[in-house]
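Notes follow the structure.
The values are calculated or read from the model by the stated rules, or taken from the named source; none is laboratory data. Everything quoted here is computed from the prediction, not taken from an experiment. For neighbour counting, all protein chains shown are included, and Cβ atoms are generated from backbone atoms with ideal geometry for every residue, glycine included.
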Number of protein chains: 2
Amino acid sequence: MALRYALLGVLSTREMSGYDIKRYFDRAVHFVWNASDSQTYRELRGMERDGLITSRLVHQEAKPNKRLYRMTDAGRAELDAWLISPLETPYRKDPFLLRLFFMARVSPVAAQQILEARHEELRALIAVGEERLETYGDLSKSSRPERLWWQVRLINGMRRMHMAEDEWICELLSELRSSPEEPIDGLLEDGAAI
Amino acid sequence: MALRYALLGVLSTREMSGYDIKRYFDRAVHFVWNASDSQTYRELRGMERDGLITSRLVHQEAKPNKRLYRMTDAGRAELDAWLISPLETPYRKDPFLLRLFFMARVSPVAAQQILEARHEELRALIAVGEERLETYGDLSKSSRPERLWWQVRLINGMRRMHMAEDEWICELLSELRSSPEEPIDGLLEDGAAI
DNA sequence: CGAGACATGTAACCTGTTACATGATTCC
DNA sequence: GGAATCATGTAACAGGTTACATGTCTCG
């Protein structure tokens, strides 16, 4: 259902086409949620069926026709109810962490390479976040300072989480580098205790 | 495909039934991946079809019959190839962060409640992690110290990430509490810049 | 002349969730 | 007597991915 709320949230600003929403997503929402084109279009139809949005067809010359979606009062109510609803279980499925769980199977050198790749990835994510924050700085000069209050804090929070992960990865790397000969054990046979 | 590798990883220690695997998952793998019973059994069948595991039926008195799965050489090769394969895109779908993205729609008081709930959740996760680390401490006294090398570091890493998130949440809370009257803006209409 | 913006979809498939079914044994 | 453990599944549905189809205009 989260996609539905993401779409409602974007549509809360103004009437948009599926294509507009997609662009908005790519620019702004991408780092907390995303969806393929086909899933977005499918979901929009479903939301219209359920009365959360309405649509009208707009004919265009020189461009393909488009369908503009607008949120209904029911949609607005649904979004606002979700925003203050109890948190769903915060259960992460992280393929990277899953990999580390079984890393004892590969050589320390191979493990190092995986960690280094993740380190580079995190560096890149952090850099992107910092760029975004700078752009925001410019924005708040020309406009009201409290524009995008939550968005700015969100990017900042993610930056901090990425930095925490990166520090951890770097420590793991130096542990691996300093003791390349130590034996490293895998799993307990009964999965006991951990 | 990640579930498949998680199952292969667990089966790399010994022959197990679907039920054993489930127990192992709940105890040990749960915090980086999980799956429902029915998905697990379905996936095991698929893995057998694809030659990654073999199974044999074991008849039991007083207990239901069971099917024991064992990894094949092909399965072992598949797992090891995955462990050193390039990282997939690390793209998070986080319903909590998605919520925050649209939080400007609700009152600061309601937002505070959401953040407090998350704070409690994180506190609980951190406590669980610390418990696990203690259990590990006991374990390494009785056994070889390098038992579960990766598992321990993994739990420690997650603890640190949770703590980073919690610090951020707490700062947000104090920002909200200290300026309850400030106007907070929502989204830009064109999703510009952020 | 080719790439990219504009614009919406279908079909097939894979992944994940929920509800249900079955039935003996053991422990409180 | 009721709950938990052991043990494996089916059926239906929801959520998500990938590949493909279509066609014009604009810009470099």
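Selection of segment A:58-72 for residues being within 16 Å of DNA strand D (Cβ to nearest atom) and either modelled with pLDDT of 95 or more or not aliphatic (A, V, I, L, M) (or both) yields A:Val58, A:His59, A:Gln60, A:Glu61, A:Lys63, A:Pro64, A:Asn65, A:Lys66, A:Arg67.
Restricting to segment A:59-115, and then to whatever is small (Gly, Ala, Ser), surrounded by fewer than 18 Cβ atoms within 10 Å (Cβ to Cβ) and within 26 Å of the chain's Cα centre (by Cα), can you tell me which residue is nearest to A:Ile21 (Cα to Cα)? Per the criteria, the residue is A:Ala77.
Among the residues of segment A:2-56, those that are in contact (Cβ under 8 Å) with a residue 24 or more places away in the chain, within 14 Å of chain B (Cβ to nearest Cβ) and either surrounded by fewer than 16 Cβ atoms within 10 Å (Cβ to Cβ) or more than 20 Å from the chain's Cα centre (by Cα) (or both) comprise A:Glu15, A:Met16, A:Ser17, A:Tyr19, A:Gln39.
Mind checking which pairs have a first residue in segment A:113-126 that is more than 20 Å from A:Phe31 (Cβ to Cβ) and a second that is surrounded by 14 or more Cβ atoms within 10 Å (Cβ to Cβ) and not aromatic (Phe, Trp, Tyr), Cβ under 6 Å, 6 or more apart or different chains? Sorted first by the residue in segment A:113-126, then by its partner, the pairs are A:Leu115/A:Ile169; A:Leu115/A:Leu172; A:Leu115/A:Leu173. Taken together, B:Arg23, B:Arg67 contain a single residue that is closer than 26 Å to B:Ala124 by Cβ and among the charged types (D, E, K, R), which is B:Arg23.
In segment A:1-92, counting only helices (runs of 4 or more DSSP H) that sit wholly within it, the ones holding 2 or more residues that are within 16 Å of DNA strand C (Cβ to nearest atom) and farther than 30 Å from B:Leu115 by Cβ span A:18-24, A:37-49.
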